[in-house]
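Working notes for the structure below.
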Amino acid sequence: MKEDFSSILRARYRYYAGVKVVSLPGKCVLVSWLLFSALFLRNRIAGCESWRLPEVFFPHISLIRPQLLDPLRIVVQIFWLFFMRTPPQKSRTRGFPRRLRYVVGGAKGRLQGLANKAWLQPSFWQTRDANVARRHRQPLTIALAAVLAVLCITVPLDPLAQFVFATALFGILLVFNRLPGRFPQMLMIVLSLLISCRYIWWRCSSTLNFDDPLGLALGIVLLLAELYAWLVLLLGYFQNIWPLNRPAKSLPKDTADWPSVDIFVPSYNEDLEVVRATIYACQGLDWPKDKLEIYLLDDGRRDDFRDFARDVGVHYITRDDNRHAKAGNINNALKQSRGEYVAIFDCDHIPTRAFLQLSMGWFLGDPKLALVQTPHHFFSPDPFERNLSNFRKVPNEGGLFYGLIQNGNDLWNGTFFCGSCAIIRRGPLEEIGGVAVETVTEDAHTSLRLHRLGYNSAYIRAPLAAGLATETLSAHIGQRIRWARGMAQILRLDNPLRGPGLKLRQRLCYFNAMLHFLSGIPRLVFLLAPLAFLLLHTYIIYAPAIMIFLYVLPHMLYSSVVNAKIQGRYRHSFWGEVYETVLSWYIARPTTVALFAPHKGTFNVTAKGGLIHEKYFDWVMSRPYILLVLLNAFGFLVGLWRLYAGPSNEISAVLLNLFWVVYNLLILGGAVAVAAEAKQLRSDHRVQVRFPVALELPSGHLLHAQLVDFSLSGARVELSPDAAEQVGQQVNVIMDRAGREYSFAMTTVFKGREVVGLRLCDQSPSSMVNYVQCTFARADNWVSWKQNMSVDKPLTSMAAVMSISIQGYRRLLRAGPRPLPQLLTTINALVGMAKSLRPQPILIRVEEA
Amino acid sequence: MLTITVSGMHGGVGTTAVVANLSAALQQQGLRCLCIDANVDNMLRLALAVNPEEKVGWAKASLEGASWKDATLQHDDGRWVLPFGELDADELSRFFPTLVAGQSPLHAVVADLASLPLDCVLIDGPTSRSLPHYSLPGVDLTLYVAAPDAASYALLKQDAGHWPASNYRILINRLQPAQALASAIANLIADDFEEQMVPGVVHEDLIIAEAQAELASVIARAPDSQAAQDFQSLALWCQSEFQSRVE
């Protein structure tokens, strides 16, 4: 009996100790626990053998190596086990939403029926432009609604009433949020407008302190910034109320009826490598060969470009000066070509073969249509995506514009020309004197002029071409500065709100686009505003904290819920703030200058296709954010001091401003994170795909494989380990393109267990045209690109921004001068220790009886 | 039940290999298959691993007055095969008149099949020009196998106009995309007979000949090969084609 007992104990000891070395305190603890459990405890407790209790319920604590904080961990875990953990259950059916969905089901069909109505069809608004609009069909209803709206917006309420009002409407908002379709979405917009207008009214009418000159001055600045944000919100709702989602329109069966198209590929200083793929892809476009002329417009006067154009058989146009940069380049080529349509591709935008067939259809149906624009799609990560490592996971900066805003503009016949991936009818373009040269954003200005002459525009959302994104943060910011300056110039030189020819709706679309680029100063104001109270101790919003809370919070909450609903697939919540914050400092000055002196400033070319050899922190670019971070951090400390030493009637105001500062620090952290440039070593960008190919071996055997990525110089294939073993030095890769098969000789560069890297041998033009056709220019390449993107969930998105923000501060400390990296190590250790206190999830296995 | 006749545009395009490997793919996808050899050569049995000494077959059975069911053999993977039968010169001269006069015993065989637990019957038929002159039972689909060569293209241009359009499809076998001539002819055929093409081709792959020599199907012999992939896609297409015909 005694031997039995000791052998059981020994077995249990071995079970816990395993092969690891047991420390002396560990031995004491383990032996005493085993003795205690064997002598005093029941055999089984809570479904598991009692001697294994620590292992099951305290998985993060090691009995054989006890640590100093273990008692605390045990207390936390016990508390969590008893009070917090909910036993796992089968998924409960949620009654209300399900019932709601059932009720709504019927209405949904009717709503979708409405979507077939004529006025929601493309071109309706365009034909309507020709007729005199019949408006205010029901003036009485509209007047009544207006009176109600004015009442809702202007009536002052006491805190409790305001609370009830905002909460009740919020409940309705959440109900609408669950309903599918566009009409509930419109109702949500109405609710958000109501609350936001109410907020702005309250801000204008009762929050300025006229007795304190400093507070009044700063208060007015903040109010102006808020008015700007409110106006952008309003116009944004208008712009995106009903994205058109225009489908492609088919062409006549007989190709003799298809018009002739000139393709312009302007280039200034880009590498020939970048341009080659684009030219090859243009040569493979599905269009009658006698109706397609390709022009390489070289503003760099480079011999290798001229030779390349001659070798592959495309036209080459150059000129003696570089007047008006890209716009001048295109205008020069316009004079030397004569196709009925002009398709423009930046030299790094590779069109898919179906580009013309899918986008030309609308021209043939509408003689007034002058512009068809398609999205700019990028197959390499932009600096945001690369430095935050969220490429193809979170919608990027351009996602909102090309996914939603252009689509919304299209309803209002206000699609902008974006400089590339677009087709313009030659007649109208020559009528306005070619591409506009007065501003640095020649593209938007050109479409503005076309619209002024009464021409129509169209937007097709399918990504039909793809290109390289800008490489470095500084280049990216440089490009945005150019856009911002150009838009501000247009606002001054050719203001869309005035001048002839435009419909009100088009004026608003253009105005909002320009307004968007003026966001620099308001954003800086928001980032500095809480400091007015914390540092200068002046009330810039002269109202009790509770009232500010009750007005601001609904305003922000409503607009973020509605925007998450409208923009969810194209821009995740809070990311827009990060993008905007990064740009704010840099666009603030150029836009202001351009507003006052529109003729200043030059065209700077966006550099693409470069390399970043070493990971580094861009101290120059991030300088303004670091300053803002320091100011906000200082404000935070002062706020804490005020909380401690200040008068008690100020505590709520201090808390409010502290909250604001923390939010600012969060967004600024994201901006700082972007400034830490990650490595970019490959000159050729690899495009991740997945389609089947065959590998032909010299022996005459064919292997089945999946192509997993490709670049202009080679590809990578995945195949079974057995098959991978058979691949030798030389293979032919057989790819399929719309039923045609092409074979490309390649050499093996590396071989893994299931992966083989291949390099293209034959780089002759005829082979490259086919290769680009089978890879970059595949018609369906970019369509499925967005499938991996997650849907926007505001809280998840908040967590993501928070995590990149922390990441940003870490990178900042690590790259900083002497004591900072050490500080980071200490903080990391402390955080790690705090994390280890966290209760751990447990897993009770059903033991055999 | 899906009945397909496979016929080569001319000799040597790989008809028997298509029947053997397509049936293996269909069987693997869960369809119970029977392959019938309608060729005097009696070569299909080798592709289905029947003992070369075995002389049985439906033609022989009919001459001897025996039941064709006794001549039906089963492959290890579950496929059934009904060989033509090894006929000597005398037997052949007795057999041919029945074939041409429209009284082929194969009609009786196919009539009996309906009651058997089968999903798919593949007939390894004679070449395209002879096909109308053999009295073969009616089928759901005739699959003409063309090689990407001049002869196949010429015969297609000459004859395809006379075939009932709803009932046939053209399959390109033994395609070598690296060869300019082969891919040019394949493209010509695909352009001229756009509506009638089987989507996808079967590539020239040495493994097909090797598998044939080893009395195995490429599916079993080399599942990683492109040939196995080609036949699997072809089998899937046959199934979907059959589904759409049923509906």
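The values are calculated or read from the model by the stated rules, or taken from the named source; none is laboratory data. None of these values were measured; they are calculated from a predicted model. No Cβ is skipped: glycine too gets one built from the backbone with ideal geometry, and neighbour counts run over all protein chains shown. For accessibility, only protein heavy atoms count, side chains too; no ligands or nucleic acids. Shrake-Rupley method; radii C 1.70, N 1.55, O 1.52, S 1.80 Å.
General remarks:
- Projected label points at A:D286 and B:N167, each 7 Å from Cα along the beta carbon direction, are separated by 3.3 nanometres.
- Shown is the FRET efficiency for A:V150 and A:L364, computed with R0 = 45 Å from the Cβ-Cβ distance and rounded to the nearest 0.05: 0.40.
- In region A:496-584, the trypsin sites (Lys or Arg not before Pro) that fall in loop regions by DSSP, at most 14 other Cβ within 10 Å: A:R498
- Nearest-20 debye value, chain A charge dipole, Cβ charges on Lys, Arg, Asp, Glu: 2720 debye
- Within region A:151-182, backbone nitrogen closer than 11 Å to the virtual label 7 Å beyond the Cα of A:L553 toward Cβ: A:163-164, A:167
- Based on alpha carbons, the Rg and Dmax found for region A:687-781 are 12.2, 35 Å.
- Measure of compaction for region A:260-513 (Cα Rg per 2.2 N^0.38 Å): 0.97
- Mean silhouette area of chain B, derived from the convex hull of its C-alpha atoms and averaged over all directions, reads 13.0 nm².
- Each residue, A:R338 and B:S93, gets one label point 7 Å from its Cα in the Cβ direction; the gap between the two is 7.9 nm.
- Modelled FRET efficiency - R0 60 Å, A:D212 with A:S836, Cβ distances, 0.05 increments: 0.75
- Shielding by other protein chains, A:693-704, mean Cβ within 10 Å: 6
- Atom-type composition of the exposed protein surface of the protein assembly as shown places 61 percent of the accessible area on carbon and sulfur (1.4 angstrom probe).
- Per residue accessible area in Å² of region A:260-513, where ligands, DNA and RNA are left out and the probe is 1.4 Å: 30 Å²
- Length gained on full extension, A:L41 to A:S648, computed as 0.36 nm times the residue gap minus the Cα-Cα distance: 213.0 nm.
- Region B:2-246 - charge dipole about Cα centre, Lys and Arg +1 at Cβ, Asp and Glu -1, debye rounded to 20: 400 debye
- Distance from region B:1-27 to region A:201-277 (C-alpha centre basis), Å: 60 Å
- Shown here for region A:732-797: trypsin sites (Lys or Arg not before Pro) in loop regions (DSSP other than H, G, I, E, B) with at most 13 other Cβ atoms within 10 Å, namely A:R753.
- Dividing the summed -39500 (n - 2.57) terms of all DSSP H runs of n ≥ 4 by the residue count of the protein assembly as shown sets its mean residue ellipticity at 222 nm at -15500 deg cm²/dmol.
- Computed from the C-beta positions of A:R10 and A:T826 and an R0 of 35 Å, the FRET efficiency is 0.20 to the nearest 0.05.
- Of the peptides A:194-201, A:269-276, the order by per-residue mean of other Cβ atoms within 10 Å, starting with the highest, comes out as A:194-201, A:269-276.
- Legend: translational diffusion of chain A by Stokes-Einstein, Rh = Kirkwood radius over C-alpha pairs, 4 °C, 1.567 mPa s; D = 41 µm²/s.
- Relative contact order, percent, chain A [alpha-carbon distance under 8 Å, six or more residues apart]: 14 percent
- With a 10 Å cut-off around each Cβ of A:733-745, the average count of Cβ atoms from other chains is 4.
- Gain in span if fully extended, A:A143 to A:S50, counting 0.36 nm per residue against the direct Cα distance: 25.9 nm
- Residue mean of other protein chain beta carbons inside 10 Å, A:150-161: 0
- Too-long pairs where the Cα-Cα distance tops 27 Å, listed order kept, from A:K503/A:K793; A:K20/A:K835; A:K291/B:K157; B:K55/B:K157; A:K289/A:K335; A:K249/A:K368: A:K503/A:K793; A:K291/B:K157; B:K55/B:K157
- Highest average first, the peptides B:127-135, A:655-663, A:291-299, A:39-47 ordered by how many other beta carbon atoms sit within 10 Å of their residues are A:291-299, A:655-663, B:127-135, A:39-47.
- When DSSP beta bridges are restricted to pairs lying wholly in chain A, around 70% turn out antiparallel.
- Per-residue surface analysis assigns A:R392 an accessible area of about 40 Å², computed on protein heavy atoms at 1.4 Å probe radius.
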